[in-house]
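S.K.: Take this structure, written in structure tokens, and hold onto it; I'll ask about it next.
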Amino acid sequence: AYDAGQRDFGENRASRLLEMAGLLPADARWHFIGHLQGNKVGRVRPAVHLLHSLDRADLAGYWVKGPGLPPPVLVQVNVVAEPAKAGVAPAETESLVEAALALDLEVRGLMTIPPLPAVPEDSRPRFRELAALAARLARRWPGLTELSMGMTEDFEVAVEEGATLLRVGRAIFGPFPESGRRE
């Protein structure tokens, strides 16, 4: 993919991102899209171009520590209120954006991962909800322009609903050998 011109790559596990980042030239841009524990921030932050999964205020505090400017972030929103899924509730998104901005983090937008759809159309209400929330927040903070939503199974619907960033790793690289959802 890199040889074909692709420069943006994503990972949802810190160890995998660090491993893969060492294999590609320095102009590859790494997006971290998974749950990030505070104790792993120091190792991951230098390799990341964009953090898609800011889901709590303490993570924002960890993210700003370290040399230089921290990479920009997206706030992860749990649009389905699934306890097993990471992300802030839609009603709490504005507070997390405020907390991140108060730490001088560059918040570029929002991210969501809805449940794996039976058919792509099942994701549309979730994407629409995130896009509406993003539009409302962008009236206050015009810099919130990115919408990271849509995976291999439903990216076409995500694009129709305003996605600016897609996670389509399985469509490009095939399934990953380990268990779990990965893009």
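The values are calculated or read from the model by the stated rules, or taken from the named source; none is laboratory data. In this text the structure is predicted, and so the values were computed from the model without any measurement. A quick note on method: Cβ atoms are made from the backbone with ideal geometry, for glycine too, and the neighbour counts reach across all protein chains shown.
A quick yes/no check of all residues on (1) within 17 Å of Gly169 (Cα to Cα); (2) of a type in the set (S, T, N, Q); (3) at pLDDT 95 or above; (4) outside any strand (DSSP E or B):
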{"site": "Phe9", "(1), (2), (3), (4)": "yes, no, no, no"}
{"site": "Pro25", "(1), (2), (3), (4)": "no, no, no, yes"}
{"site": "His31", "(1), (2), (3), (4)": "yes, no, yes, no"}
{"site": "Asn39", "(1), (2), (3), (4)": "no, yes, no, yes"}
{"site": "Arg45", "(1), (2), (3), (4)": "no, no, yes, yes"}
{"site": "Leu51", "(1), (2), (3), (4)": "yes, no, yes, no"}
{"site": "Asp58", "(1), (2), (3), (4)": "no, no, yes, yes"}
{"site": "Gly61", "(1), (2), (3), (4)": "no, no, yes, yes"}
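S.K.: How many of the residues in region 83-128 are over 30 Å from Gly68 (Cβ atoms), out of contact with any Pro (no Cβ under 7 Å at 6 or more places or on another chain) and not hydrophobic (A, V, I, L, M, F, W, C)?
M.R.: Within region 83-128, the first condition is being over 30 Å from Gly68 (Cβ atoms), and the residues that meet it are 83-85, 89-91, 114-128.
Filter again for out of contact with any Pro (no Cβ under 7 Å at 6 or more places or on another chain), leaving 83-85, 89-91, 114-122, 124-125, 127-128.
Filter once more, keeping what is not hydrophobic (A, V, I, L, M, F, W, C): 83, 85, 90, 114-115, 117, 120-122, 124-125, 128.
Residues meeting the conditions: 12.
S.K.: Would you check if Ala60 is surrounded by 15 or more Cβ atoms within 10 Å (Cβ to Cβ), more than 26 Å from Val41 (Cα to Cα) and not hydroxyl-bearing (Ser, Thr, Tyr)?
M.R.: Working: surrounded by 15 or more Cβ atoms within 10 Å (Cβ to Cβ): yes; more than 26 Å from Val41 (Cα to Cα): no; not hydroxyl-bearing (Ser, Thr, Tyr): yes.
Here the answer is no, as Ala60 does not meet what is asked.
S.K.: Taking the conditions exactly as written (assigned to a helix (DSSP H, G or I) and not polar (S, T, N, Q)), does Glu92 satisfy them or not? Steps first, please.
M.R.: Working: assigned to a helix (DSSP H, G or I): yes; not polar (S, T, N, Q): yes.
So Glu92 fits the description; yes.
S.K.: Just wondering, is there one or more residues in region 68-89 that are buried (at least 18 other Cβ atoms within 10 Å of the Cβ), part of a helix (DSSP H, G or I) and not basic (Lys, Arg)?
M.R.: no
S.K.: For Pro114, which of the numbered conditions (1) at pLDDT 95 or above; (2) crowded, with 20+ Cβ neighbours inside 10 Å fails to hold?
M.R.: Only one criterion in (1) at pLDDT 95 or above; (2) crowded, with 20+ Cβ neighbours inside 10 Å is unmet by Pro114, namely (1).
S.K.: Identify, please: which residue in region 110-169 is hydroxyl-bearing (Ser, Thr, Tyr) and in contact with a helix residue (DSSP H, G or I) (Cβ under 8 Å, 6 or more places away or on another chain) and is, among those, nearest to Ala91 (Cα to Cα)?
M.R.: Narrowing region 110-169 to residues hydroxyl-bearing (Ser, Thr, Tyr): 112, 123, 145, 148, 152, 164.
Of the ones still in play, those that are also in contact with a helix residue (DSSP H, G or I) (Cβ under 8 Å, 6 or more places away or on another chain) are 112, 123, 145, 152.
Numbers: Thr112: 14, Ser123: 20, Thr145: 19, Thr152: 28 Å.
Filtering region 110-169 for residues that are hydroxyl-bearing (Ser, Thr, Tyr) and in contact with a helix residue (DSSP H, G or I) (Cβ under 8 Å, 6 or more places away or on another chain), the one nearest to Ala91 (Cα to Cα) comes out as Thr112.
S.K.: Taking region 128-159 only, how many residues are in a helix (DSSP H, G or I), out of contact with any Leu (no Cβ under 8 Å at 6 or more places or on another chain) and surrounded by 15 or more Cβ atoms within 10 Å (Cβ to Cβ)?
M.R.: 3
S.K.: Only residues that are within 21 Å of Met111 (Cβ to Cβ) and either touching a Cys at 6+ places or on another chain (Cβ under 6 Å) or in a loop (DSSP other than H, G, I, E, B) (or both): list them for region 11-23, please.
M.R.: Asn12, Arg13
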